Amino acid sequence: MTTLERNEKLIQLALLMIALSAISILAIITLFIFKEGMPIMFKYGVNKFLFGLDWYPTEQSFGLLPMIIGSLAVTAGSLIIGIPFGLACAIFLTEFSSLRLRQIIKPIIELLAGIPSVVYGFMGVIILVPFIREHLGGSGLSVLAASIILGIMILPTIISISIDSLQAVPRSYREGSIALGATKWQTTKMVTLPSAKSGIIASIILGMGRAIGETMAVIMIAGNAVSIPHSVLDPVRTLTSNIALEMGYASGEHRQALFATGVILFIIIMILNTIANATAAKQRTK
């Protein structure tokens, strides 16, 4: 074996070790969460955690259904807001704007991803919550407020990845469509978007993960009421907020119940990602 081949093998081994270390860290975190959370779930019953309506840890009541519904409602609301705006912005910057404008706007959009979530939450408390309270009713701290803020927070992810996916479509696809008599919008709708579909779906999956895992901004503007929301103007508490609000003083079974909350959140995220990835794979095969 020559020196060059030996060096190549060492580099491959080093890269493999780095990849395995990342997977190992994820596995350790997963095992720790399940080790701490599963015993209490089996002690009181999984159904009690999943379908219970009351969260009173001091009375051994660990119902997470209101928070599960709250997390899903806020995540769905953020996607309803973020996907249309994000995709529309990506299409405009890629297909209809000038190169100069795209070079100016895209870095600004990507800069939004670096703003701390507490800043988004603060702006929501100062501007959005009073606006909702005065014009729509309720306390202002609500599913709607959280959905709007999270919708804004996931925009950089959806826009940036969608732009990269649209730009990766070969130029010959567009030129061929236009040569056949299609307009620019028809080319975008029937050629460019279907070709970039997998990347766009990936951006939505990442945005969904950001939304369902967000904590600080949601704590500040969602209201943190442990009850099932019946309206977008109702306050709500998410699973992540529940962990962040109570872990600082929890002990004993209360602490274990919060780890059980993390287990359920982990499972929900895995289910949503699996569904999204399966959908993306199905679309790619068409």
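As a test of the formula, what do you get for the chain when each DSSP H run with n ≥ 4 contributes -39,500 (n - 2.57) and the sum is divided by the residue count, at 222 nm and rounded to the nearest 500 deg cm²/dmol?
Helix contribution divided over all residues of the chain: -23000 deg cm²/dmol.
Taking a ≥ b ≥ c as the square roots of the eigenvalues of the Cα gyration tensor of the chain, is the shape rounded (a/c under 1.5), prolate (a/b larger than b/c) or oblate?
Because a/c hits 1.5 or more and a/b fails to exceed b/c, the chain counts as oblate.
Compute, for the chain, the length of the dipole vector about the Cα centre, with Cβ point charges of +1 (Lys, Arg) and -1 (Asp, Glu) only. Units Debye, rounded to 20.
Taking the Cα centre of the chain as origin, the dipole is about 920 debye.
State to the nearest 20 debye the size of the charge dipole of the range 37-150 about its Cα centre, where the only charges are +1 on K and R beta carbons and -1 on D and E beta carbons.
So the magnitude is around 220 debye.
Eigenvalues of the Cα gyration tensor times 5, then square-rooted: what semi-axes does that give for the range 212-286, in whole angstrom, largest first?
Taking √(5λ) for each Cα gyration eigenvalue gives 29, 18, 10 Å.
Which entries in Lys106/Lys189; Lys48/Lys197; Lys9/Lys197 show an alpha-carbon gap greater than 30 Å?
Lys48/Lys197; Lys9/Lys197
Between Ala73, Ala145, Ala14, which gets the highest mean-square fluctuation from a Gaussian network model of the chain, Cα cutoff 10 Å?
Maximum fluctuation in the GNM of the chain, among the listed residues, is at Ala14.
What is the helix-to-structure angle for 197-213, meaning the angle in degrees between its Cα long axis and the longest Cα principal axis of the chain, kept from 0 to 90 and rounded to the nearest 10?
That helix lies at roughly 20 degrees to the long axis.
In the range 68-217, if the dipole is taken from +1 on Lys/Arg beta carbons and -1 on Asp/Glu beta carbons about the Cα centre, which of Val125, Gly151, Ser97 is farthest to the positive end?
Of Val125, Gly151, Ser97, it is Ser97.
Based on the inverse mean of 1/r over its pairs of different Cα atoms, what is the Kirkwood hydrodynamic radius of the range 94-188, in Å?
Radius from the Kirkwood sum: 16.2 Å.
Which of Ser203, Ser71, Ser61 ends up with the largest GNM mean-square fluctuation for the chain, with Cα atoms connected below 10 Å?
Ser61
For the chain, modelled as a GNM with alpha-carbon contacts under 10 angstrom, which of Thr94, Thr187, Thr240 fluctuates the most?
Result for the chain, Cα springs under 10 Å: Thr187 fluctuates most.
Every number in this text was worked out from the coordinates using simple rules, so none of it is lab data. Just so it is clear, the model here is predicted, and its values are computed rather than measured. Counting neighbours? That spans all protein chains shown, and the Cβs are built from the backbone with ideal geometry, glycine included.
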